[in-house]
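**Q** I am attaching a structure below and will ask some questions about it afterwards.
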Amino acid sequence: MKVAIIGAGAVGSACATALVMRGCAREIVIIDRTPARAIGLATDIRYGATLSPVVDVRSGDYSDLKGAALVVITAGVNEKTGGATDRNDPAGRLRLLDTNVGVYSDIISKLKTIEPSVLALVVTDPPDPLTDATRLMGHDKVLSAGTYLDSLRFRFHLARRLGVSASSVVAHVLGEHGTSEVFAWSSASVAGVPISALLSRLPNQDPQKFQSEVENEVRYANISIIEGIGASQHGIGMVTARIVEIIARDERIVIPIGC
């Protein structure tokens, strides 16, 4: 499968690396508004790709979208640059929307001209509103990364606090990939046992305090990461590669993404 990545910044780089490591694409084309950046990233990844399943990684331009089965869009202003790192700001990532709609307007116009039937995966923040914008721009085959990463963070923090493997936890975050996200506590469970039932068995555990602490860890995870390394990139890169893999293999897995 041929996959194109538009945007060779922090997130695009992480997506490309994760795609290569998971071996879920036979050809990866990296496109960026600064061609030298795409060339450098593709060259760097190619050397390490010799350790992975066979894949052709190269830089390109929009004409190279021809024949792609999927295009991953990571281009746009990020949270740090766009001033969306204030925990007390209710707008959160939505502050990036107007600027990134402008970025997408140019990308989608080229996409419709060169490969109108390609499936687009929106990774840029805020993903769901940008997916709606992409449809309004006339490209209907589009998905967003949604709250898949948020849900994995939710599972991780539940598993860590309960002393179990995250693979045994079922928990979903719904709504916006941002500070207004909704935690589906009523359906959260460990191997079929509701979280509420588990908390009632733990001595000296305040369920409300437990929930509040977990929600804060998940809700502001992006900001905490940005404060440390400048950009939230590796987790979303891995999640993006997994979504691509699910699509490529037609796995029919139910995950919380926008479609």
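We did not get these values from a lab; they are worked out from the coordinates using the rules stated. Predicted, not measured: the structure shown is a model, and the values here were computed from it. Quick reminder, even Gly has a Cβ in these numbers, built from the backbone with ideal geometry, and neighbours come from all protein chains shown.
**Q** Report relative contact order for the chain in percent, whole number only (criteria: Cα-Cα under 8 Å, sequence separation at least 6).
**A** For the chain, the relative contact order is 21 percent.
**Q** State the Cα centre-to-centre distance between segment 121-165 and segment 183-259 in whole Å.
**A** A separation of 11 Å, based on Cα centres.
**Q** Still on this structure, please answer the following. Find the relative contact order for segment 148-226 and round it to a whole percent, using C-alpha pairs within less than 8 Å whose residues are 6+ positions apart.
**A** Reported as a whole number, the value is 27 percent.
**Q** If you place +1 on the Cβ of every Lys and Arg and -1 on the Cβ of every Asp and Glu, how big does the dipole about the Cα centre of the chain come out, in debye to the nearest 20? Spell out each step's value before the answer.
**A** Numbers: 26 positive and 27 negative charges, 109 e Å.
It comes to approximately 520 debye.
**Q** In terms of the Cα gyration tensor, with a ≥ b ≥ c the square roots of its eigenvalues, is segment 41-164 rounded because a/c is under 1.5, prolate because a/b exceeds b/c, or oblate? All intermediate terms of the calculation are to be shown ahead of the outcome.
**A** Working: a/c = 1.88, a/b = 1.18, b/c = 1.60.
In terms of gyration-tensor shape, oblate.
**Q** For the chain, compute the number of Lys pairs whose alpha carbons are separated by less than 30 Å, excluding pairs fewer than 8 positions apart on the same chain.
**A** 12
**Q** Next up: What is the local net charge at Ile253, summed over the other residues whose Cβ is closer than 13 Å to its Cβ (Lys, Arg +1; Asp, Glu -1)?
**A** Its environment carries a net charge of 0.
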